[in-house]
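Structure, as structure tokens:
The values are calculated or read from the model by the stated rules, or taken from the named source; none is laboratory data. All figures in this text were calculated on a predicted structure; none of them were measured in a lab. Note: ideal-geometry Cβ built from the backbone for every residue, glycine included; neighbour counts use all protein chains shown. Ligands, DNA and RNA are stripped out before the accessible areas are found, and what is left, the full protein with its side chains, is counted by its heavy atoms. Shrake-Rupley method; radii C 1.70, N 1.55, O 1.52, S 1.80 Å.
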Amino acid sequence: MGFIKKRQKNFDEEIEKKLDKNNVPKHVAIIMDGNGRWAKKRGFIRTLGHRAGMEAVRRIVKASSEIGIKYLTLYAFSTENWKRPVDEVNGLMDLLIEYLGREVNELNENNVKLNFIGDLSMIPEKCRIKIKESEEITKNNTGLTLNIALNYGGRSEIVRAFKMIGSSLLSGKIDLNDIDENVIADNLYTSGQPDPDLIIRPSGELRISNFMLWQSAYSELWFSDVLWPDFEKKHLLQAIFDYQKRNRRFGGI
Ligand code: IPE
Ligand code: IPE
Ligand code: MG
């Protein structure tokens with residue numbers, strides 16, 4: 001290990017020691033943004049930014065396991081991202097196949113459970129096959145649950161829940177008065193999972209961009225100017241450190 005890397009590792013270990021182990025967020029969600037700007041700054045094509053973003057995914061998944069986070073949700077592709085040039089979209093799908101091919105064994109060895117959320121029916125078949133295969137390989141793992149949000153949109157997720165609940169209503173499986181917040185939560189992609197405690201958005205944008213609209217009701221938000229490909233364990237540690245200083249009141253006093 002080089003000197004600079006070693007110094008960074010010691011630095012990370014120092015912050016990690018200062019974390020309150022009893023107050024690690026159970027669920028961290030990240031809007032991975034800034035790949036395009038990272039590439040532009042270097043005169044690269046955008047796809048190279050996404051490739052560098054994939055390396056950040058590797059680092060942050062590993063770091064999240066080490067810190068003891070139970071659920072990590074990564075926003076990889078939104079329902080609005082189809083507006084991008086077809087080459088960029090195809091490049092992203094190919095990168096996902098590459099990532100899963102390269103990483104699934106290591107994720108499995110590290111007890112990570114992969115779980116894709118979003119409307120996968122629109123995802124190219126070769127990609128979907130790889131997704132199903134990776135979910136199958138890791139399905140019994142009990143460590144970190146890694147949600148990858150792909151063709152995910154918070155509004156489309158709520159529309160889907162409406163349809164599922166409406167169909168139970170029409171078939172008489174449930175009664176109108178049975179519908180409550182739990183029923184809605186149970187019909188979202190994240191059914192059975194805790195809401196994100198902490199939502200992180202790098203790259204300087206201060207918006208949610210259709211991410212986890214229902215689940216984020218009481219999430220703590222953390223923003224940073226760092227572009228996603230530059231995101232490192234130290235940034236995640238800093239976000240958690242700041243999170244631990246927040247006073248979550250959930251409407252109380
Ligand atoms: C990655 O960053 C987010 C994805 C949709 C994959 P962007 O590609 O949005 O990067 P910027 O915002 O153009 O810098
Ligand atoms: C949000 O980033 C979507 C993902 C990170 C997958 P965008 O780059 O698409 O968001 P906007 O367009 O800046 O709101
Ligand atoms: Mg962006």
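Tabulated results
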| item | result |
| --- | --- |
| Residue within the stretch 224-232 that is surrounded by fewer than 16 Cβ atoms within 10 Å (Cβ to Cβ) and within 16 Å of ligand 3 (Cβ to nearest atom) present | yes |
| Subset of the stretch 138-181 that is in contact with a helix residue (DSSP H, G or I) (Cβ under 8 Å, 6 or more places away or on another chain) and of a type in the set (Gly, Ala, Ser) - its residue that is nearest to PHE77 (Cα to Cα) | ALA161 |
| Single condition ASN151 does not satisfy, out of (1) more than 15 Å from the chain's Cα centre (by Cα); (2) on the phi > 0 side of the Ramachandran plot | (1) |
| Unique match (being touching a strand residue (DSSP E or B) at 6+ places or on another chain (Cβ under 8 Å), open to solvent by 40 Å² or more (accessible area, probe 1.4 Å) and not acidic (Asp, Glu)) among LYS139, LYS83, LYS126 | LYS139 |
| Subset tally (residues that are surrounded by fewer than 17 Cβ atoms within 10 Å (Cβ to Cβ) and free of Cβ contacts under 8 Å to residues at least 24 places away in the same chain) for the stretch 1-40 | 14 |
| Some residue of the stretch 55-73 being within 16 Å of ligand 3 (Cβ to nearest atom) and either out of contact with any Gly (no Cβ under 9 Å at 6 or more places or on another chain) or modelled with pLDDT under 95 (or both) | yes |
| Of all residues making up the stretch 1-53, the number that are of a type in the set (Gly, Ala, Ser) and either outside any helix (DSSP H, G or I) or under 17 Å from the mean Cα position of the chain (by Cα) (or both) | 6 |
